[in-house]
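These notes are about the structure you will find just below.
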């Protein structure tokens, strides 16, 4: 399977019979040699990749793993690595289908689905890097970015108040069995709150059956449901200023639900060791690790999977579900005020925060729009509505992180007509286009100095500029300084923007060309 992230509107159009479009990615091969030492795990591999490449190092690329080190990595370990490939900005990550894949499918009762699949021996790659697994040590990502990676042992004086293990990244049976082995017969530090989120009902029932869940609970952990939970600030928000060690994939500022929390990302082994000591702890200090093997047969129970019901079932919308706002067609001439100037690596959490207060408003765009850029400027929504329309200015990798399309939809509702940045994250750029917001990049990045907060930007003859597919000038400030920008739109994307977004274009039949 080649699983590629997409915006919800792209998916909806594809489900309705339309095509899914994707820029052709480059291929980055990561060659793995050697074998992981004791107490070093798959989380440390992807943290090492992030340390080398950064959160924008995978933009426009598919990451393909290869090498002799693969034969030592189980499917759940590979899932941890590919899960956090999103933090690289990668289009997707992929491992070959090999004997490890077959062993996992056999354990899931699906051996008949297995086929071997690997790269051709003479495959050519755009980029290649090599990692020697034998040389890796326990790593941790420091606040507030997954690529601020260093060795755990360098931060051993960091006092910890909370540990959260699970979520989508490290919640497999083998992950939690390792945690159970570390905690068995021990007690969580009295000043640490430890919570566990099993990855699935299957994982939870297997831990319950073999007694590992009891070991975890007896140590002082609390059990959460199999869901995102603390990762998106839905419960278990740390206390103010607290250090939280989490096995999750993201540690963006404020994402936990606490604005000044210090969230570190680490392996389940490091997290469990830290829960015991009350300090960020290198698990290698715990002695010899227990040997955890993937069972030959997982517990299979599909009784809760129900077939689809009547497709004509009426859709009932409560008062918190409002109609989807539609962007107007793109105007030929626009005068837009810069409502916010931002730096590099602005995340979709920065644009549209998560958390227990905001996420329940996902189906109510007028209400959730009040929180656009709330962490950066609490008055942004009011300023945007007063201006009626505006433009956002940003540095590199604007819109990194999750595919949260509300980070485009809510700004569109507030009148944002364009974003001018040095570069964009792939999915967010696609979402901007889908919701009728024009993504522009500087032809010369140094020209960003000519544009500040409240600068008036004049965009003239936009329709012709977009149709030409060539760089064009905008006029900045009262002196009408020409600043050359590019849009890099395909002809189809140009049609979508001119129509006012993908819904308008789909309805009218526009944007169906393949160029």
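Quick note: the coordinates plus some simple rules give every number you see, no bench work behind them. Computed from a prediction, not measured in an experiment: that's the story for all the values here. Please note: Cβ atoms are built from the backbone with ideal geometry, for glycine as well, and neighbour counts cover all protein chains shown.
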The simple spin-label model distance between residue 208 and residue 113, using points 7 Å out along Cα→Cβ, in nm, is 2.4 nm
When 507, 56 are arranged by how many other beta-carbons sit within 10 Å of their Cβ, fewest first, they go 507, 56
Note to self: C-alpha centroids of the range 313-345 and the range 79-129 sit apart, in Å, by 37 Å
antiparallel share of DSSP beta bridges within the range 140-286, to nearest 5, in %, is 25 percent
Quick calc: nm separation of the 7 Å Cα→Cβ label points for residue 364 and residue 137 -> 5.1 nm
Sorted on mean Cβ neighbours within 10 Å (highest first), peptides 240-249, 130-139 come out as 240-249, 130-139
Mean separation of Cα contacts under 8 Å (at least 6 apart) over the residue count of the chain, i.e. the relative contact order in percent, is 13 percent
As a percent rounded to 5, the proportion of antiparallel DSSP bridges among beta bridges in the chain is 35 percent
Output ordering of 165-174, 203-212, 294-303 (per-residue mean of other Cβ within 10 Å, highest first) is 165-174, 203-212, 294-303
Distance in nm between residue 468 and residue 299 label points, each 7 Å along Cα→Cβ, equals 6.6 nm
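What's the extension gain from residue 123 to residue 445 if we count 0.36 nm per residue and subtract their Cα-Cα distance?
Between residue 123 and residue 445, full extension yields 112.4 nm more.
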quick shape note, the range 1-130: Cα extents on principal axes in Å, largest first -> 47, 38, 32
Of 415-428, 465-478, ordering from highest average Cβ density within 10 Å down gives 415-428, 465-478
Taking Cα pairs closer than 8 Å and at least 6 residues apart, the relative contact order of the range 8-136 in percent is 36 percent
In Å, the C-alpha Rg and Dmax of the range 334-508 are 15.2, 45
quick note, the range 8-136, DSSP beta bridge pairs, % antiparallel (nearest 5) is 10 percent
